[in-house]
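Take a look at the structure below.
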Amino acid sequence: AVGVTAPVLNPACRGDVVGHVQDATLADVETALACAAAHAPQWAATEPRARAALLRRGADALEAELPRLLGLLSREAGKTYPNGVAEVREAVDFLRFYAAQVEREFDNATHVPLGPVVCISPWNFPLAIFTGQIAAALAAGNPVLAKPAEQTPLVAAEMVRLLRRAGVPRAALQLVPGRGETIGAALVADSRVQGVMFTGSTEVARLLQKSLAGRLNPDGRPVPLIAETGGQNAMLVDSSALAEQVVSDVVASAFDSAGQRCSALRVLCVQQDSADHVVAMLKGAMAECRMGDPATLAVDVGPVIDEDARRSIEAHIETMRMKGRAVFQSARGDAAATDEGTFVPPTLIELERLAELEREVFGPVLHVVRYPRERLAATIEQINATGYGLTLGVQSRIDETIAQVVAHARAGNVYVNRNMVGAVVGVQPFGGEGLSGTGPKAGGPLYLHRLLAHGPDHVMVRALDAAGDDDGTGVVAPQAGAAAALRRWAEAESARSVVDACDRFATRSRAGSSRVLRGPTGERNLYSLLPRDAVLCLADDEVDRLVQLAAVLSVGSAALWPDRARALHARLPAAVRERIELVADWTDASVKFDAVLHHGSGEARLAVLARLASRPGAIVGVDGLSPGEASIALERLVVERSLSINTAAAGGNATLMTLQ
Ligand code: NAD
């Protein structure tokens, strides 16, 4: 339909009209959904190799278009050219990474896609995240309805044009631009949509969870929601760290892309003893940052995306000033170059406590907190207590300190002695936990499996084998003893199906394993699968409940059982009972779990989804199973962690300083 068009403005210079966008209407949404649903069987039946070939062709075309896209990324999204190059490269990587995975592993007989998938992306990576979502959904065999962010529809339209020119059928990939509250919400609410991939704010992700809680897919399972959301990312710096290196990594992590990266550093925690020195040097480096129109090559820091963003960041800075916190702002650049756009200069705010920060501030604002040496562990706890878990940095020359931080970190991506932005597809699979996202990680080996209605067994085993080399540091799932005790008990009770489940899960679980991913020299990149903390197990039937328990124990996690399973609990051996907590009312917000297994009817499942959606906190996924079904997807019961270590960190080996 022909509708009204609106101008898209350059955030660095509001007088520059980059292009025009015509938002989709609700009638367009209906047409797009009908086309996607009609085309779904055909796209699903297309050979994985053929789908991959189209994505690869799209990647080649994207590379060829780099110069033109750089201009568009700069004018529409305020990206510097180096950021633009990195973004195009990331989009290309996503296309090739998922293409390679389906070529290698996928078979239409065993890998059954979901059906129409909605992809909702943010403006801060208008090409890379937009393309990453689409590439994954298409590779797995799902037709896509792509809803770009309101601020960046032009680069999205370019990408869709490019993929269609590469041969992706029109009905397999449709662009549906428009407002989130109307067009995005209408797409997500439609029963033809079988999966939703979302990257954006934690608040909107919760709205989508609520909307999806109202229905099930045709096979009676919950509609998958992959949500990648915000963070409250910290870096811990002890007094052994080399200040020069810390400062360059902090400036890159906090101010590159004007701080508009979900991974960006928000809170720098510096050991008191070296804080004055580090902060002084940091202010000097900030004073050298050049702010202005990113189309100028000398510019380091471009604009924030729009006036709303600028106002909300400024309001936060003002609130902190009023509270009496020291605020430092500085950036080189002439006023004329920034007058026309929405700019916020790099800002440093010294806080007394981390808890003063209530929400993610999405811009070039770095908070600094000082900690006394003996409070390192407490500081890590405070970071974890924010409930977010996206990125975390640590800078130290003491191996024990690094090991302590890494062991207690609750973040999806941990960086040692380097900056903490710019995760590379396949090298640092990216995504958070808790309030920061549901997983699986983008650019990791499990992602495509979440986009299937039915998949093969042994997903974890295959994912790890494909991901990289075994470095031998993998630990056995810490609770292997409990799993073995359950099996012995089931054998003694002649509970054959439970024994079988224990055996099957034992061969399929790889929780506790790590792999070294291939990456650049000077870096060591590890990918690990770790048990989730606690899995809420809901079932009416005793055998179903025990099969759930076998799955939970096989990955080394703990189970939460409703009180009414008390009698069964009492019959189990002590080693198993220790791994089960009985709860009176799991809907209570104080009861913590990070996955749900549900055996039961569709009606009961909808009631569970509704209650979960009204609990505060992180989005928790539900694996829905029919009564008697024993094929539990173990990969949903683990979290993925990426660890990236700069093995070429400057400054030498401080172990020498700590020798007795
Ligand atoms: P946002 O949540 O406001 O918008 C994201 C997308 O959701 C947009 O396309 C928007 O139109 C759509 N949307 C908004 N309301 C909707 C609704 N009710 N129904 C359906 N769709 C709706 O986020 P933003 O401001 O565009 O992006 C910034 C946020 O994204 C930050 O919080 C950042 O941390 C996060 N982010 C996370 C990652 C990650 O990988 N974890 C990556 C990039 C950005």
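If R0 is 30 Å, the Cβ-Cβ spacing of residue 285 and residue 589 corresponds to a FRET efficiency of close to 0.10.
Please report, as a whole percent, how much of the solvent-accessible surface of the chain comes from carbon and sulfur atoms (probe radius 1.4 Å).
Roughly 53 percent, rounded to a whole number.
The modelled label-to-label distance between residue 335 and residue 626, using points 7 Å beyond Cα along the C-beta direction, is 7.2 nm. Placing dummy labels 7 Å off each Cα toward the beta-carbon, the span from residue 488 to residue 5 is 7.5 nm. Subtracting the Cα-Cα distance of residue 377 and residue 601 from 0.36 nm times their residue separation leaves 76.1 nm of extension gain.
Estimate the FRET efficiency between residue 480 and residue 353 by the formula 1/(1 + (r/R0)^6), using the beta-carbon distance for r and 35 Å for R0, to the nearest 0.05.
Working: r = 40 Å, r/R0 = 1.15.
My answer for the efficiency is 0.30.
Set the Förster distance to 41 Å, then compute FRET efficiency between residue 314 and residue 27 from the Cβ-Cβ distance, nearest 0.05. So, using R0 = 41 Å, E works out to roughly 0.55. Seen from a random direction on average, the alpha-carbon convex hull of the chain projects onto 28.9 square nanometres. Sparsely packed loop sites in region 415-514 (the GluC sites (Glu not before Pro) outside DSSP H, G, I, E and B with at most 15 other Cβ atoms within 10 Å) comprise 493.
Using alpha carbons only, how many angstrom separate the centre of region 306-382 from the centre of region 544-617? Measuring centre to centre over Cα atoms gives 41 Å.
With both bridge residues required to lie in the chain, what share of the DSSP beta bridges run antiparallel, to the nearest 5%?
On the way: 28 of 85 bridges.
Just about 35 percent of them are antiparallel.
Applying both filters, DSSP loop and at most 16 other Cβ atoms within 10 Å, to the trypsin sites (Lys or Arg not before Pro) of region 533-610 gives 592. Taking Lys and Arg as +1 and Asp and Glu as -1, the other residues whose beta-carbon sits under 9 Å from that of residue 568 total +2. Evaluated at q = 0.09, 0.12, 0.15 Å⁻¹, the base-10 log of the normalised Debye intensity for region 73-225, with identical point scatterers placed on the Cα atoms, takes the values -0.28, -0.50, -0.79. I want to make sure I understand the PRE zone here: with the label point 7 angstrom from the Cα of residue 65 toward its beta carbon, which residues in region 5-33 have backbone N atoms less than 18 Å away? Within reach of a label on residue 65: 18-22. In this structure, the pairs whose alpha-carbon distance is over 23 Å, taken from 79/441; 210/592; 147/210; 79/210, are 79/441; 79/210.
The values are calculated or read from the model by the stated rules, or taken from the named source; none is laboratory data. As the structure is a prediction and not an experimental result, all values here were calculated from the model. All Cβ positions, even for glycine, are placed from backbone atoms using ideal geometry, and neighbour counts span all protein chains on display. Side chains included, ligands, DNA and RNA excluded: accessible areas come from the protein's heavy atoms. Shrake-Rupley method; radii C 1.70, N 1.55, O 1.52, S 1.80 Å.
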